[in-house]
Structures are given as C-alpha cells and as structure tokens.
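A short write-up of the structure that comes next.
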C-alpha cells in the first residue's frame with residue numbers, strides 16, 4: 001500500500017532527472033547581456049537576435065522579408081538597430097539557418113559600433129568588474145521556460161489560492177494565535193529538520209556550517225526547550241544554515257533546467273524540484289511518515305508551511321506582486337535571483 | 001595583522017583623498033545612505049504622521065526626504081537595458097516619469113506597514129564612481145533581511161541606482177519584465193501597461 005505512494009514520486013524523480021540533464025547540457029548558463037552589449041563588438045542588434053532565437057537554435061539572421069540591405073546603414077543613429085531586431089522576430093518563425101553575415105547585419109554592426117563610441121561614457125560601468133554587482137554587467141542568466149503557458153495558468157491558480165484561501169485563513173489564525181507562539185512553531189519544525197541542513201552542509205563541503213547546525217541543534221533542543229526557542233541565534237549568534245538539496249545539486253554543477261510553477265508550492269525549476277524531493281527524503285518527518293502514519297507528519301508539515309506564511313504575513317509575495325508590471329515574470333525572476341544568491345553563499 | 005592592513009589602507013585612502021580629489025566634497029556613500037534612512041525612519045516614527053488616516057501625508061513627507069537620493073534616470077536606463085538607446089529623448093523622459101511613479105508606489109506603499117524595523121549598516125565597498133552599501137533590516141520578530149544599495153557617483157553626488165533585497169536586484173527584476181514584454185509586443189504596449197499600473201495604483205489608494 002505504501003509503496004504505491006512512492007511510485008509516482010519515483011516517476012517524477014526520473015522525469016526531472018532526465019529533463020534537467022536534457023535541458024542543462026551546457027554547464028555554463030546562457031547569459032543575457034541586457035544593456036551591457038553596447039560596448040561589445042557584437043553590437044546590440046545581433047544580440048537582440050541571439051536572445052530572440054536562443055530557443056530555436058537558429059544561428060543567423062538573414063532578412064526574409066523585403067528589407068533593403070542598405071537601409072539599416074542609412075538609418076540615423078539610435079534607430080539603426082531596429083530593422084535587424086524586427087527581422088529577428090520574423091525569423092523566429094521561419095527557422096532559417098545561415099552563418100553568412102548579411103549586408104544588413106554588417107550595417108547594423110557598423111551602426112551599433114559607431115553608436116558605442118559615442119555612448120561609451122553612459123555604459124562605462126561594463127568595465128568596472130571590481131565591485132561585481134553592477135547590474136549592467138552582472139548578467140542575469142536567462143530562465144528557460146518552455147512550459148510558460150502552463151506555468152502562467154498555475155501561477156494564476158496559486159495567486160487566487162493565496163488571496164482567497166490561504167490569506168483569509170491565516171488572517172484569522174494570526175488573530176487567535178499570538179506571534180510568539182507562531183514563532184515557536186516555526187522554531188520547533190526548523191529544529192526537527194536540522195538533519196537535512198546538516199547533511200547538505202556536509203555534501204557541499206561546508207564543515208563549519210555542519211558544525212554550526214550540530215551546535216544549534218544541541219543548544220536549541222536543550223536550553224531552547226525542545227526547539228521552541230532559538231537561543232543558539234539570540235545568545236550564541238549561530239545562524240541557521242539554509243542549505244538545501246537543490247543548492248547541493250547546483251554546487252555539483254547541475255544547471256537549473258526548466259522553470260516550473262507547482263500548484264501550491266509555487267516557483268521552482270527542474271533542479272530544485274529534484275532537490276525538494278531529496279529534502280523530503282532527508283526530513284525526519286518523512287521518516288516518521290514511513291514508519292508510523294503518513295497523515296500525521298504530512299499534516300504537521302503542511303501546518304508548518306502554513307504557519308511560516310502567517311509569520312511572514314505574505315509580505316514577500318505581495319510586495320513582489322504589487323510592484324510588478326508582469327507579476328509572473330517578476331516572481332520568476334525574483335526566484336531565480338534569490339536562488340543564485342543562496343547557491344553562491 | 002588585519003589591523004595593520006587596515007591602517008595601511010586607511011593611510012593610502014587618506015593620501016589619495018588629499019592629493020587627487022581635494023576638490024570633491026562627496027559624502028561617503030554609506031554615510032549618506034544611513035542618514036537618508038534615518039531621515040526616512042524619523043518620518044515613519046513621527047507620531048503626528050502615524051495612523052491610516054495620515055497615510056497620504058506620511059507618504060508625501062517620506063518621498064520628500066528620500067527621493068533625492070535615487071537616480072531615477074539611471075534606474076530607467078538600466079531597467080530598459082538594450083532598449084533604452086532606441087528611444088527618442090521624449091520617450092526616455094516619459095519612461096523615466098512612468099518608472100519613477102511605479103517605483104514610488106511600490107516602495108513608498110511598503111512603508112505603510114512599518115513596524116519598528118531596524119536598519120544596520122554592514123559594510124560598503126567603493127570602486128571609483130561605483131559603490132555598494134550593504135545593510136541589514138531586522139524586523140521585530142528577529143528576521144533579518146539583506147538589503148544592498150548600488151550607488152553611482154554623479155559629479156560628486158552619490159545616488160542609488162539599484163536596491164538588492166535578499167539577492168533580488170530590483171532593476172534586474174524590472175528588466176526581466178520589460179524585456180519579456182518587449183519580446184512579444186512593441187514599445188507602445190509596454191508604456192500602456194506601465195500607465196495602467198500607475199492608474200491602478202492611484203485607484204486603490
């Protein structure tokens with residue numbers, strides 16, 4: 001009976017593994033050089049084409065429609081790049097392959113080169129590698145999103161579920177349960193889940209991190225009354241090591257794979273989904289589920305997730321949504337950037 | 001050892017300051033930022049401006065204190081990325097205005113729920129005209145949020161051009177959105193969506 005539960009999980013795991021290797025075959029993520037290409041010899045026009053055609057693997061870029069080759073060159077500065085870009089859009093549908101630099105491309109190149117000369121000062125930031133976080137030059141790896149229409153559907157569903165189901169419930173819950181109690185619930189579950197963080201620290205070769213987790217567990221389980229409080233942080237300044245299996249996989253050079261929005265769980269990607277399954281396997285609650293009764297720990301785990309949202313007050317999610325022009329992309333990008341940061345740490 | 005290095009760094013820094021930029025009176029980016037944050041917090045803590053009925057007044061006062069430290073043109077330029085230079089001067093001006101409004105609504109609106117959060121300056125890095133100031137927000141329940149500010153020195157004035165919250169760069173986030181919209185539709189559509197966003201915000205206020 002119990003084995004039947006693990007069959008679908010195993011299936012998902014295999015699919016994810018397969019997919020993430022298929023999609024992440026190139027270990028260096030495709031980088032988008034938004035804005036930063038101005039100073040490059042590549043030129044803005046051909047860059048835009050690259051980006052357009054990334055998924056279709058079209059090498060280049062000949063005018064299919066009746067664009068006159070010389071036209072781009074005669075365009076005034078600043079608009080010269082536009083024809084090539086529009087052509088790229090048209091090309092997307094036609095899948096033409098060619099490596100010959102066409103007159104249009106050369107013209108566009110020339111135009112963007114001359115442009116880059118006059119515009120050097122504005123984008124001088126590109127040479128400034130020292131600080132490492134100038135955004136024109138810190139290239140956001142583009143997100144692979146082959147299932148975007150499905151993802152957008154789930155995104156809408158999750159958004160509605162959040163506003164109409166989860167939010168009203170936690171508003172009531174917050175009124176009944178004082179914040180201190182909610183924090184204790186969070187601490188308690190966080191303490192129980194120490195093995196996952198401990199193991200992931202080890203997997204990533206973070207011996208100090210693993211030692212910190214061990215020390216935190218000992219302190220919080222004893223002085224912290226079975227994990228209800230977090231004296232390890234408040235008294236001993238031992239910070240929780242938020243390492244998960246997705247980060248471990250990333251450290252082992254696995255690419256993020258495709259982006260996916262799971263119902264209720266929210267944004268993820270192929271690698272982090274696999275990581276999530278790995279984390280479940282390392283979660284003592286799932287071991288309890290295996291040996292006792294899957295409902296109790298499952299419910300407990302769900303309650304913990306809900307409690308976390310109630311502590312946060314949904315602020316993180318809501319503030320991203322509120323300030324976004326395209327909320328789906330905003331959440332996707334925020335997820336991506338946040339994961340990148342956690343992996344780097 | 002560390003101390004000696006620091007002393008060395010400081011003396012080099014001081015001599016560089018003395019000999020090369022004796023004319024620039026630029027305030028240190030970190031100091032400037034923290035002063036602005038303090039000014040903002042003073043407004044938020046002001047009893048005369050607290051409560052929901054004073055929301056508009058408080059937002060106005062806060063905006064007056066902090067808007068001068070943001071470089072909205074630089075932000076717009078970076079958020080549009082490669083598309084910026086294809087725009088005419090009028091379009092650029094319109095875009096800066098629209099984007100400023102969106103940022104204002106988004107981030108000033110956030111302060112309505114201010115609840116005694118503390119801001120701590122962690123460190124600042126500076127390299128010629130660029131600087132990053134790393135801070136930490138500490139909420140009442142002890143949650144810590146890493147907030148970094150990217151700043152640019154524009155003829156002696158340090159201004160923020162990006163805010164990075166827990167690794168999420170605000171400008172990169174908008175650039176992803178704008179790029180995505182511009183891949184599928186013309187620039188006019190982006191402007192339209194931004195206008196809708198602003199009117200929607202004012203409607204809910």
Using Cβ contacts closer than 10 Å as the measure, can you line up A:340, A:345 from fewest to most? A:345, A:340
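Under the rule a/c < 1.5 gives rounded, and otherwise a/b versus b/c splits prolate from oblate, where does region B:35-113 land using the Cα gyration tensor?
Values: a/c = 3.37, a/b = 2.50, b/c = 1.35.
Prolate, because a/c is 1.5 or more and a/b exceeds b/c.
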Would you compute the Debye intensity of region A:269-345 from its alpha-carbon atoms alone, equal scatterers and no solvent, and pass along log10 I(q)/I(0) at q = 0.15, 0.21 Å⁻¹ to two decimals? -0.75, -1.09
Sorted by Cβ neighbour density within 10 Å, fewest at the top, the residues B:194, B:27: B:27, B:194
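Is the shape of region A:145-273 rounded, prolate or oblate, going by the alpha carbon gyration tensor and its root eigenvalues a ≥ b ≥ c, with a/c under 1.5 for rounded and a/b larger than b/c for prolate? All intermediate terms of the calculation are to be shown ahead of the outcome.
Details: a/c = 4.06, a/b = 1.21, b/c = 3.34.
Oblate shape, in that a/c is at least 1.5 and b/c is the bigger or equal ratio.
Subtract the Cα-Cα distance of residue A:222 and residue A:174 from 0.36 nm times their separation in residues, and report this length gain in nm to one decimal.
Numbers: separation 48, 0.36 × 48 = 17.28 nm, distance 2.79 nm.
In short, 14.5 nm is gained.
Counting pairs of alpha carbon atoms under 8 Å apart in space and at least six apart in sequence, what relative contact order in percent does region A:202-297 give?
Averaging sequence separation for qualifying contacts and normalising by length gives 17 percent for region A:202-297.
With a Förster radius of 30 Å, plug the Cβ-Cβ distance of residue A:264 and residue B:183 into 1/(1 + (r/R0)^6) and report the FRET value to the nearest 0.05.
Values: r = 29 Å, r/R0 = 0.98.
About 0.55, to the nearest 0.05.
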Pop a pseudo-label 7 angstrom from the Cα along the beta-carbon direction at both residue B:38 and residue B:110 and give the gap in nm to one decimal. 2.2 nm
Footprinting proxy, B:50, A:301: sorted fewest to most Cβ within 10 Å, the residues are B:50, A:301
Residue B:145-residue B:50 pseudo-label distance in nm [points 7 Å out on the Cα-to-Cβ vector]: 2.0 nm
With the cut-off at 1.5 for a/c, could you classify region B:2-204 from its C-alpha gyration tensor as rounded, prolate or oblate? oblate
Mean Cα-pair separation over length for region B:2-204, i.e. relative contact order, pairs under 8 Å, 6 or more apart, %: 20 percent
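Here, each number is a calculation from the coordinates, and none is a lab measurement. Keep in mind it's a predicted model, so treat the numbers as computed, not measured. Ideal geometry is used to build each Cβ from the backbone, glycine not excepted, and the neighbour counts take in all protein chains shown.
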